[in-house]
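For reference, the structure is listed below as structure tokens.
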Amino acid sequence: MELIHLESTDELYKEALDLRYDLFFRSPGLPRKILFDALECSSFHIAAVENGSLCAYGQLSEESPRIFKISQMVVRPDMQGQGLGASILTKLTHEALEKGAEEIYLNARLHAVSMYERLGFKASGKFYVAKSTGVPHIKMIRRI
């Protein structure tokens, strides 16, 4: 398994978009354009790849000076439970630190909170239901 940086022109980036759409947005019937927010183009994209096949993906965005957001973390269903999410999160966290992060945050699905806590994130506030998908999340923050 290797972690690689993806450019938006890479074929694996297109696969990551498909995986994100299939796991997060297809079920609630949302349009594919929901994948592209204002930060997509300027974000750092990382993938876990094995034998040329995409296994997991995550995105890091600098929202404002020294404040970074991790988003779109996804692991292929047949690869879950193997530590790929933790590997992606660790790589994105290191990337944010190299870029001078003072705070890194993410919006976690409730079932993933314990993984994020193990890697230094702390829940902030109360859980909320995402307007677009109806899935409960909670904001988690790691301050440096």
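Do you know which of the residues in the range 132-144 that are assigned to a loop (DSSP other than H, G, I, E, B) and of a type outside the set (Ser, Thr, Tyr) is nearest to the chain's Cα centre (by Cα)?
Start the filter on the range 132-144 by keeping residues that are assigned to a loop (DSSP other than H, G, I, E, B), which leaves 132-135, 144.
This time we only want the ones that are of a type outside the set (Ser, Thr, Tyr), so: 134-135, 144.
On the way: Gly134: 18, Val135: 15, Ile144: 19 Å.
This residue is Val135.
Has the range 114-131 got at least one residue that is over 16 Å from the mean Cα position of the chain (by Cα), touching a residue at least 24 places away in the same chain (Cβ under 8 Å), assigned to a strand (DSSP E or B) and surrounded by fewer than 13 Cβ atoms within 10 Å (Cβ to Cβ)? No, because not a single residue in the range 114-131 is over 16 Å from the mean Cα position of the chain (by Cα), touching a residue at least 24 places away in the same chain (Cβ under 8 Å), assigned to a strand (DSSP E or B) and surrounded by fewer than 13 Cβ atoms within 10 Å (Cβ to Cβ).
Going by what's in this entry, would Tyr57 be described as farther than 25 Å from Lys126 by Cα, out of contact with any strand residue (DSSP E or B) (no Cβ under 6 Å at 6 or more places or on another chain) and surrounded by 16 or more Cβ atoms within 10 Å (Cβ to Cβ)?
Working: farther than 25 Å from Lys126 by Cα: yes; out of contact with any strand residue (DSSP E or B) (no Cβ under 6 Å at 6 or more places or on another chain): no; surrounded by 16 or more Cβ atoms within 10 Å (Cβ to Cβ): yes.
No; evaluated as a whole, the condition is false for this residue.
Of all residues in the range 37-54, those that are within 17 Å of Ile88 (Cα to Cα) have Cβ atoms under 9 Å from Cβ atoms of residues that are of a type in the set (A, V, I, L, M, F, W, C) and loosely packed, with under 15 Cβ neighbours inside 10 Å, 6 or more apart or on another chain, in Ile46/Ile4; Ala47/Ile4; Ala48/Met1; Ala48/Ile4; Val49/Met1; Val49/Ile4; Glu50/Met1.
Of all residues being among the polar types (S, T, N, Q) and under 14 Å from Ser71 (Cβ atoms) in the range 1-52, which is modelled with the highest pLDDT? Just the residue, please. Applying the filter and picking the extreme gives Ser43.
Within the range 1-20, can you find the residues that are among the charged types (D, E, K, R) and in contact with a helix residue (DSSP H, G or I) (Cβ under 7 Å, 6 or more places away or on another chain)? Before you say what the answer is, go through the steps one by one.
Within the range 1-20, the subset among the charged types (D, E, K, R) is 2, 7, 10-11, 14-15, 18, 20.
Passing the criteria: Glu7, Arg20.
Here are some residues: Val74, Val113. Which one is among the aliphatic types (A, V, I, L, M) and in contact with a Leu (Cβ under 9 Å, 6 or more places away or on another chain)? Even if it seems obvious, please write down each step before you answer.
On the way: Val113 fails: in contact with a Leu (Cβ under 9 Å, 6 or more places away or on another chain).
Matching residue, one of Val74, Val113: Val74.
Taking every residue in the range 74-102 that is surrounded by 18 or more Cβ atoms within 10 Å (Cβ to Cβ) and pairing it with any residue that is in a loop (DSSP other than H, G, I, E, B) and modelled with pLDDT of 95 or more, at least 6 positions away or on another chain, the pairs with Cβ-Cβ distances below 7 Å are Ala101/Arg66.
The values are calculated or read from the model by the stated rules, or taken from the named source; none is laboratory data. Since the structure is predicted, the reported quantities are computational estimates derived from the model, not experimental observations. Cβ sites come from the backbone with ideal geometry, for glycine too, and all protein chains shown count toward neighbours.
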